[in-house]
Amino acid sequence: MGRKEFIPNSFRPLFYYFILDVLCVIIDAACRRILHNNSPAFHISTVFDVTMLCIVFNSIYTRRKYIIQLAWLLFIIVEVVSACTVDPFLTSINIIGRFTGNSLLALLALVYAWQLKPTTHTYPEKNPELVFSSFVLLYYTSTVLLITAQELYQRGWFTGFTSLSDVQFELLSLTLYPPIRIMQIALVCYLLYLFPGRRSVRQGLPRWLRFRLGWRPPTEPPQYRVLSEHLIK
């Protein structure tokens, strides 16, 4: 009896998404130690996130895959140009690149969720494609709004609406990142939970060879026990 596949091929880039996320934490620490700022880590993590999630979208989209390819190409152009001009790679956070990449991901998720057809045999919360689109839409929309609010505040757009100082607003915006990050991890973990697990070795055996310690139901005659009587008691 064959074992069930743990995760479909279309969602396997999510593992690389997590691995690269951990790698970005290491790059962040190295940049803080060597360059005394973590600006390059923001550029690199944005490229990793957008690339991996675009690969997933390219796998699950059934039509018009050129939209994903054009969106990724547009992001790369904007990221490279901004890293060389407006937001230097070594000295500035990639505000424009992150805003563009996150906005494109949220738009792709919204378009894909809109074109999903309802199924009668699967609940919406049990649909991996819908859960994935919800994860991308919720997380990256939240980060886009947060990035926009930070940028507008630095430009003085909120001067007449709030009495917070620059330090207080910065602390307030930083406190919003952990809940957004927890939401991201929770949705991805729930997505992985939806995929069927591999069958255990015991489940792969014929029913009459599946021994259990202790009490056995009367439907299984004692002569089919693999272990002797004194080992079961």
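The values are calculated or read from the model by the stated rules, or taken from the named source; none is laboratory data. Owing to the predicted nature of the structure, the values given are computational and were not obtained by experimental measurement. Every residue, glycine as well, gets a Cβ built from its backbone with ideal geometry; the counts of neighbours run over all protein chains shown. Side chains are part of the model used for accessible areas, which takes the heavy atoms of the whole protein and leaves out ligands, DNA and RNA. Shrake-Rupley method; radii C 1.70, N 1.55, O 1.52, S 1.80 Å.
Quick look at the numbers
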{"item": "One residue from 24, 31, 54 being within 20 Å of residue 147 (Cα to Cα) and not aromatic (Phe, Trp, Tyr)", "result": "24"}
{"item": "Failed item, numbered, when residue 176 is tested on (1) surrounded by 11 or more Cβ atoms within 10 Å (Cβ to Cβ); (2) at pLDDT 80 or above", "result": "(2)"}
{"item": "Residues that are touching a Ser or Thr at 6+ places or on another chain (Cβ under 8 Å), touching a residue at least 40 places away in the same chain (Cβ under 8 Å) and of a type in the set (Phe, Trp, Tyr), drawn from segment 43-89", "result": "89"}
{"item": "Candidates 161, 99, 135 - the one that is aromatic (Phe, Trp, Tyr), open to solvent by 50 Å² or more (accessible area, probe 1.4 Å) and modelled with pLDDT of 75 or more", "result": "99"}
